[in-house]
Amino acid sequence: MTELISLHYPLKELPQLTSKQVLAMGFFDGVHLGHQKVIQEAARVAHENGLPLAVLTYNPYPGLVFKKLPQPWHDLTPLDQKVQLLGKLGVDRVYCLQLTSHLSALHPEEFIKEILLPLQVHTVVAGFDHRYGKKEYQADMAHLPEYAAGRFDVLTVAKKALGKSAVKVASRQIRQDLAAGNLAAVTESLGRVHETTGLIVHGDARGRTLGFPTINIWTPEVEFLPGIGVYAVSAYVDGRWVDGMASIGRNVTFEANRPVTVEINLFDFADEVYGEPVKVQWYAKLRNEVKFDSAEALVDQLLIDQQKAREYFQEKVD
């Protein structure tokens, strides 16, 4: 099991290490294909030298601390999910360093002396665009070997492109694709289906009266949902994965100016599961949210949506 160690600068009472370690650095939000390439290279070095593999990541997102963002911040992968994904890639421990003004003001040589050397690094691995301090300090991977001065090795991983595209895999683009409901691009960039978590709570029970009972999902504010629309999804609830269709929207057919809710109609599922935790995998967008003239018109569309979603999952099986 991957160990999570929270750190705050200046570092105090570090866990005892019995050997040096290979350290991959980065925020790693999304743990997308580019991030995976960094971890895989670090894992290769760790294996070749018989050393443990560690990750140094940060909390929270730098832009949240040092910029006024135009909208609330949502992680592609909250810390617990990030640790799980890194663990699947062979990471032994994750150091999560609190991002503060004092930390960000460190000169690269101070960063090495006060952060990296105490972590007993054998090799530091990061993507070509990773930074560990102020731009005016040239705190980038191109200059890290100079700052390291032979005290540890440095491996810089070049950008990861998708197929023949020259566009690098980037968390920013994944966010844009999620907001647009372009889940095929999201899945390609992540190398997996985007997943969120939540809790099943009580809703209006209107879907039941329409013949499409739904589970209503409270999603943690920090998590990044796709944009408003109707989707083919799979939900892990009550110990099993169940296919279904999800609506992210305001239920505009029945009432204006409602808050955004997440409702999922699970196929061939009738259990009462209020209060259960749930994971949701977002596979494909079926359509945008539409205001219908009547409940009957909505039901007609839901039948079409359900058929499309079932066909989508059947094609995946075939």
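The values are calculated or read from the model by the stated rules, or taken from the named source; none is laboratory data. Since the model is a prediction, treat every value here as computed from it, not as a measurement. Ideal geometry is used to build each Cβ from the backbone, glycine not excepted, and the neighbour counts take in all protein chains shown. Please note that ligands, DNA and RNA were not included when accessible areas were found on the heavy atoms of the full protein model with its side chains. Shrake-Rupley method; radii C 1.70, N 1.55, O 1.52, S 1.80 Å.
Tabulated results
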| read-out | value |
| --- | --- |
| Cα centroid separation - region 75-110 against region 270-318, whole Å | 36 Å |
| Along principal axes, Cα extents of region 204-318, largest first, whole Å | 37, 33, 26 |
| Rg(Cα) / (2.2 N^0.38 Å) computed for the chain, rounded to two decimals | 1.15 |
| Degrees separating the helix 295-317 axis from the principal Cα axis of the chain, which is the longest one | 50 degrees |
| Cross-link pairs beyond the 19 Å C-alpha cut-off, checked among Lys88/Lys159; Lys37/Lys285; Lys37/Lys82; Lys82/Lys279; Lys279/Lys308 | Lys88/Lys159; Lys37/Lys285; Lys279/Lys308 |
| Probe 1.4 Å, protein heavy atoms only - accessible area per residue of region 1-107 in square angstrom | 51 Å² |
| Nearest 10 degrees, 0 to 90: helix 33-49 Cα axis against the chain principal axis | 40 degrees |
| Length-normalised contact order of region 200-307 in % [C-alpha pairs under 8 Å, at least 6 apart] | 31 percent |
| Region 3-103 - Rg and Dmax from Cα coordinates, angstrom | 14.3, 46 |
| Dipole magnitude of the chain, debye to nearest 20 (Cβ charges: Lys/Arg +1, Asp/Glu -1, about Cα centre) | 940 debye |
| Whole-percent carbon and sulfur share, accessible surface of the chain, 1.4 Å | 50 percent |
| Percent of C-alpha pairs per 5 Å bin, region 237-296, short to long | 4, 14, 23, 22, 16, 16, 5, 0 |
| On Cα atoms only, tilt of 171-180 relative to the major axis of the chain in degrees | 10 degrees |
| Over region 197-236, relative contact order from alpha-carbon pairs under 8 Å, at least 6 apart, % | 39 percent |
| Local electrostatic count, Asn59, Cβ distance below 14 Å [Lys/Arg +1, Asp/Glu -1] | -2 |
| Region 29-161: radius of gyration over Cα atoms, expressed as a fraction of 2.2 N^0.38 Å | 1.05 |
| Average Cα contact separation per residue, the chain, under 8 Å, 6 or more apart, as relative contact order % | 16 percent |
| Given charges at Cβ of Lys, Arg, Asp, Glu: the chain dipole, positive-most of Thr187, Tyr132, His74 | Tyr132 |
